[in-house]
Every structure is written in structure tokens, then in C-alpha cells.
Amino acid sequence: MMQTRGIVAFEIEITEIQVTEKSSHNRDEKNHQNIISELEKTKYFQSIAVANEMKKCLLKILLKIIIYNLQFIILSYLCTLPSRSFGIGDLNTH
């Protein structure tokens, strides 16, 4: 392989940009809160923006957990009800 001497210019065409969220994903909620708090203390806009995105991600995770738990509670309750077939007449709302 032959080496080139000096500076060589080249161009790269960007055809796609892929974004991945991976802000401390393997940490517990206490660590997340601490990281967010420290980022918010800084005077840098970028750090505060990262803290805001981390809050959004944390909120999404917590909402998923709440929804999962509510579904489990509802299904558990429905399983305790006696099975019964309902007819159209049974749905009167007087």
C-alpha cells in the first residue's frame, strides 16, 4: 500500500442521519434525578437541554410502568367477576 505525502482533500456525501436516545439508560431513577439536577445547575444551554430530554425519557418510562400496572389491576379485577353473558336489554342506563 502506497502512502500519500502531504494533505489530501476529500468529500463525503451524507445521505442519512440516525438518532438514538441513550441518556444513562442503565441507571436507576435516583441516579437519573441526580444527573438531571446537576445538568440543570450549569449555565450551559446544551446541558439544560439534555436534562430536559432526560426528564421526557424518564416520564415516558414512568408512564409505561403506570399503564402496565393499571392494566394488571383491571385484568385482575375482571378475573374475579363471575362470568355472565349480557344482552342488549341489560345495558339500560336509567
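Laboratory data are not the source of any read-out in this text; all were calculated from the coordinates shown. Keep in mind it's a predicted model, so treat the numbers as computed, not measured. Don't worry about glycine lacking a Cβ; one is built from the backbone with ideal geometry, like all the others, and counts go over all protein chains shown.
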Packing-wise, with mean Cβ within 10 Å as the measure, how do 55-64, 7-16 rank, highest first? 55-64, 7-16
Using θ = phi - 60° and the Karplus curve 6.51 cos²θ - 1.76 cosθ + 1.60, what whole-Hz ³J(HN,Hα) does each residue of region 41-47 get, with Gly and Pro shown as x? 6, 6, 9, 8, 4, 4, 5
Rounded to the nearest 0.05, what FRET efficiency do Asn52 and Glu11 have when you use their Cβ-Cβ distance and R0 = 41 Å? 0.70
With x for Gly and Pro, the residue-by-residue ³J(HN,Hα) of region 57-74, computed from phi through the Karplus equation 6.51 cos²θ - 1.76 cosθ + 1.60 at θ = phi - 60° and given in whole Hz, is 5, 5, 5, 4, 5, 5, 5, 4, 5, 4, 4, 4, 5, 5, 4, 5, 5, 5
